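Just below is one structure, and these are the notes that go with it.
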Amino acid sequence: MLIRTRRGWELPESRATSEDVFLNRRAFLAGGASIAAIAGGVDPAAAQWFSSSQPNMARKPDPTDDLYPAKRNEAFSLDRPLTEEVTAAGYNNYYEFGPSKNIWKQAESKKTRPWTIKVDGLVEKPFEIGVDDLIRRSQLEERLYRFRCVEAWSMAVPWTGFTLKSFLDIAKPTSGAKYVRFETFMDPQMAPGQRQSWYPWPYVEGVTMAEAQNELPLLVTGAYGKPLRNQFGAPIRLILPWKYGFKSIKAITRISFTAERPKSYWEQLQSAEYGFWANVNPEVAHPRWSQATEQVIGTQQRVPTLPFNGYGAEVAHLYKGLEKERLFV
Ligand code: MTE
């Protein structure tokens, strides 16, 4: 007989629909409510987050400290307040360090130097580059972006990085390249989640070349005016603000240019629920919950979700002629 137990990636509906109950931890604690009382009504991962201490906001020196804060690009403004740093730093998805939101402590064990990125596939000449070398060769800027997770929560973060588009000038893909494939580090000794063999490690994501050439995708190396914290995906991650957050891969060690569409981590796990395109669309529900609204973390607010997370003017044209694709899953 098949006994079915819920695995880490199988998000219970309660996490997607009633996050207003548990996201505002500080307001909740200030209200004097008992952790045990509310934890009974939500799933164990959420309860674990409640019972955790706040993230350690101290930082170790970083070899690129002198580059921060970078100049803000004022072209990217927000329709909502920024999420407080302590809130964003204490509520993460980083399965290499466990399936809960409360992984900041485990992520402290991640070693982020030396860090090399391999660039290969359909490029003029494959190469490896140290992350500090890459960061210093690139034009860092700060952008305020909305971020929408597939689990129906959202935040607004000041990311620092350089455009993926500018990286293409360094990588030099050939004309045969149709996709860019990103891969996260693989080190089960350092990352306890990677010892769980039912997950298809390493974490992989991908975009089309047309998406990569757009102005929005950032290779992010910092947040809140400082080099990236480990839990945010240090030392370098992708941010694609018009797509569900799982596309924004953390801790990249390899960037490959391919003719074939890469199959991403979540697509390998559950392709019915998580696809290649994953563009935000409030009108297309996830198979198990609505995407019409989102819980703004750190607040009591649930707000309407915007098509392409509010970035339609910049990216909607990329999907003309692709209407037969599952663009919003
Ligand atoms: N990248 C890696 N390598 N591993 C992950 O588990 N989680 C994804 C994405 N990138 C993930 C990842 C998901 S599901 C989300 S919502 C965002 O990272 C979360 O980013 P944040 O923790 O900075 O909010």
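The values are calculated or read from the model by the stated rules, or taken from the named source; none is laboratory data. Treat the numbers as computed from the prediction; the structure is a model and nothing was measured. Don't worry about glycine lacking a Cβ; one is built from the backbone with ideal geometry, like all the others, and counts go over all protein chains shown.
Here are the numbers for the structure shown:
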| item | result |
| --- | --- |
| Test for R261: is it out of contact with any helix residue (DSSP H, G or I) (no Cβ under 9 Å at 6 or more places or on another chain) and in contact (Cβ under 8 Å) with a residue 12 or more places away in the chain | yes |
| Selected residue (only one of G321, G225 is closer than 30 Å to Y68 by Cα and of a type outside the set (S, T, Y)) | G225 |
| Condition met for R7 (under 30 Å from D132 (Cα atoms), modelled with pLDDT under 95 and assigned to a loop (DSSP other than H, G, I, E, B)) | no |
| Which listed residue is crowded, with 23+ Cβ neighbours inside 10 Å and at pLDDT 95 or above, from A223, A259 | A223 |
| Strands (runs of 3 or more DSSP E) contained entirely in segment 231-322, each with at least 2 residues that are among the hydroxyl-bearing types (S, T, Y), under 20 Å from A212 (Cα atoms) and away from the ligand (no atom under 14 Å from the Cβ) | 252-258 |
| Residue that is surrounded by the most Cβ atoms within 10 Å (Cβ to Cβ) [pool: residues in segment 174-202 that are in contact with a strand residue (DSSP E or B) (Cβ under 7 Å, 6 or more places away or on another chain) and over 27 Å from F328 (Cβ atoms)] | F185 |
| Residues being within 15 Å of the ligand (Cβ to nearest atom), in a loop (DSSP other than H, G, I, E, B) and not hydrophobic (A, V, I, L, M, F, W, C) - total across segment 181-219 | 8 |
| Residue within segment 132-150 that is buried (at least 21 other Cβ atoms within 10 Å of the Cβ) and on the phi > 0 side of the Ramachandran plot present | no |
| Any hit, segment 299-309, residues being over 15 Å from M155 (Cα atoms), modelled with pLDDT of 95 or more and surrounded by fewer than 18 Cβ atoms within 10 Å (Cβ to Cβ) | yes |
| Neighbours by Cβ (under 8 Å, 6+ apart or cross-chain): first from segment 232-251, in contact (Cβ under 8 Å) with a residue 60 or more places away in the chain; second near the ligand (Cβ under 6 Å from one of its atoms) and β-branched (V, I, T) | G233/I249; L238/I249; I249/T184; K250/T184; A251/T184 |
| Within segment 43-159, helices (runs of 4 or more DSSP H) holding 1 or more residues that are more than 16 Å from the ligand (Cβ to nearest atom), more than 30 Å from Q196 (Cα to Cα) and in contact with a strand residue (DSSP E or B) (Cβ under 9 Å, 6 or more places away or on another chain) | 131-137 |
